[in-house]
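Right, one structure below, let's go through it.
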C-alpha cells in the first residue's frame, strides 16, 4: 500500500512540481502504443501463455520531478528521461477450450497496472541505467478475460472458456533495475551491448543477462530512452566533449572523420543526433532465471485464495528468450515490429512466440 501511495505522489508531483530544465539537453517526449499478440506472427503462432498485451506509454518532462528522481535509480547525468505507462496483460494455457483446470499447464492470469520509469544515460561512456516502479492488480479486477473474448468475438475467433479459473485478485508492487553498456565492437552502422536486469516485488522476482545488437541507420542508444531522433534536444557537442570519449566509444564516428580534428568530429556527431530518418534491424538474446512468477503462483499480497495452487516446482525457472525486429522512424513517426520466442516452461515441448507492434508519435 505504501508503494501505491508513493506512486500516486510521484504522478501528482510530476504535474505540480515538474522541473523546468534550462539545460541544453531536452528529454525526448512521445506517446507510444505497444500491442503484443500471437496474431502478429506466422511461425509458432498459438494462443498460448503470454497471449496479449496492450501498453500505452507517455514519456514527457512533466514526469521528471524530485520525488521520482530520488525513488528511481539512475546515473547522476543530465541525459535523463521519465515516463508513465498503462498496461494490460493476459496469460492463458495452451488449450483455451476446456472449462476445467489443467494442472499440466499454466493458469489464466490477467494484469492491469501502471509503470513509472526513469532512463538515465552516460553518453560519453556508453552506459544506461533504467529503473521502473510498477503498481496495479492481478486477477478478475483486471478484466483480462472480458477484453480477450471481446477481441476474439470481433475477429470471429473461438472464445477462451477457462477465465473463471484465473488467479484471484492480488496486488502488483514491483521494482525493476536494468544496466546496459556497450561492448567495444562498434562501427558507425552497428552497436553491440550487454545488459543485466533485476526484478523484485510482490508479483515477480527474476534476474536476467543478455546481449543486444543493432545494425542500420540510427542516432545512438545512449542519448535518450530508445535512441529516438529528438528535435527538442538542442545540445551541441563540442571538441571538448569528443575528448571525453574513449577510442571504442568514438567508433560511432566514421574512421575518415576520426582522423580529422575534434571540431570536425563534433560536427559529424551533431548532424547524426538530429537525423530525421532511422531504419535499422535489431536482435537480442536473453538468459533469465525466474525466482518467482506471479502470473503462475499469484501475488504475495492476495485479496483471496486462488482456486488452485501452483508452486515453485510446477514450472521451469530457466528461460531462454530471443527477440528480433526492425525499426523505422521518420521525423515524428516511429514504427517498430518485433518477434519474440522463448522456451515452453510448462510442458517442455519446444518454443512459443508472439509478435509486437509499436506505434509512437514524438512531440
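Just the residues that are under 23 Å from the mean Cα position of the chain (by Cα) and assigned to a loop (DSSP other than H, G, I, E, B), please, taken from the range 90-116. Give the steps one after another, and end with the answer.
Step one: filter the range 90-116 for residues under 23 Å from the mean Cα position of the chain (by Cα), giving 90-92, 108-116.
The one that is under 23 Å from the mean Cα position of the chain (by Cα) and assigned to a loop (DSSP other than H, G, I, E, B): 108.
For the subset of the range 217-257 comprising residues that are in contact with a helix residue (DSSP H, G or I) (Cβ under 7 Å, 6 or more places away or on another chain) and not in a loop (DSSP other than H, G, I, E, B), which member is surrounded by the most Cβ atoms within 10 Å (Cβ to Cβ)?
The extreme case among them is 242.
With the requirement that a residue be touching a helix residue (DSSP H, G or I) at 6+ places or on another chain (Cβ under 9 Å) and more than 30 Å from residue 246 (Cβ to Cβ), what does the range 103-125 give you?
Restricting attention to the range 103-125, the residues satisfying the condition of being touching a helix residue (DSSP H, G or I) at 6+ places or on another chain (Cβ under 9 Å) are 103, 106-114, 116-118, 123-125.
Within the range 103-125, 103, 106, 107, 108, 109, 110, 111, 112, 113, 114, 116 qualify.
Any chance you could count how many residues in the range 328-348 are over 21 Å from the mean Cα position of the chain (by Cα) and in a strand (DSSP E or B)? Lay out the reasoning, then the answer.
Within the range 328-348, the subset over 21 Å from the mean Cα position of the chain (by Cα) is 330-331, 344-348.
This time we only want the ones that are in a strand (DSSP E or B), so: 330.
Of the residues in the range 328-348, 1 are over 21 Å from the mean Cα position of the chain (by Cα) and in a strand (DSSP E or B).
Would you confirm, using the coordinates I've provided, whether residue 111 is at pLDDT below 90 and touching a strand residue (DSSP E or B) at 6+ places or on another chain (Cβ under 9 Å)? Spell out how you get there, then give the answer.
Numbers: at pLDDT below 90: no; touching a strand residue (DSSP E or B) at 6+ places or on another chain (Cβ under 9 Å): yes.
Considered against the rule, which asks whether it is at pLDDT below 90 and touching a strand residue (DSSP E or B) at 6+ places or on another chain (Cβ under 9 Å), residue 111 comes out as no.
Determine, yes or no, whether residue 212 is in contact with a strand residue (DSSP E or B) (Cβ under 6 Å, 6 or more places away or on another chain), buried (at least 16 other Cβ atoms within 10 Å of the Cβ) and under 27 Å from residue 25 (Cβ atoms).
Numbers: in contact with a strand residue (DSSP E or B) (Cβ under 6 Å, 6 or more places away or on another chain): yes; buried (at least 16 other Cβ atoms within 10 Å of the Cβ): yes; under 27 Å from residue 25 (Cβ atoms): yes.
So residue 212 fits the description; yes.
For the range 133-140, state whether one or more residues are surrounded by fewer than 18 Cβ atoms within 10 Å (Cβ to Cβ), part of a loop (DSSP other than H, G, I, E, B) and outside the structural domain of residue 265 (by TED's automatic domain parsing).
Scanning the range 133-140 turns up no residue that is surrounded by fewer than 18 Cβ atoms within 10 Å (Cβ to Cβ), part of a loop (DSSP other than H, G, I, E, B) and outside the structural domain of residue 265 (by TED's automatic domain parsing).
The values are calculated or read from the model by the stated rules, or taken from the named source; none is laboratory data. This is a predicted model, so every value here is computed, not measured. Note: ideal-geometry Cβ built from the backbone for every residue, glycine included; neighbour counts use all protein chains shown.
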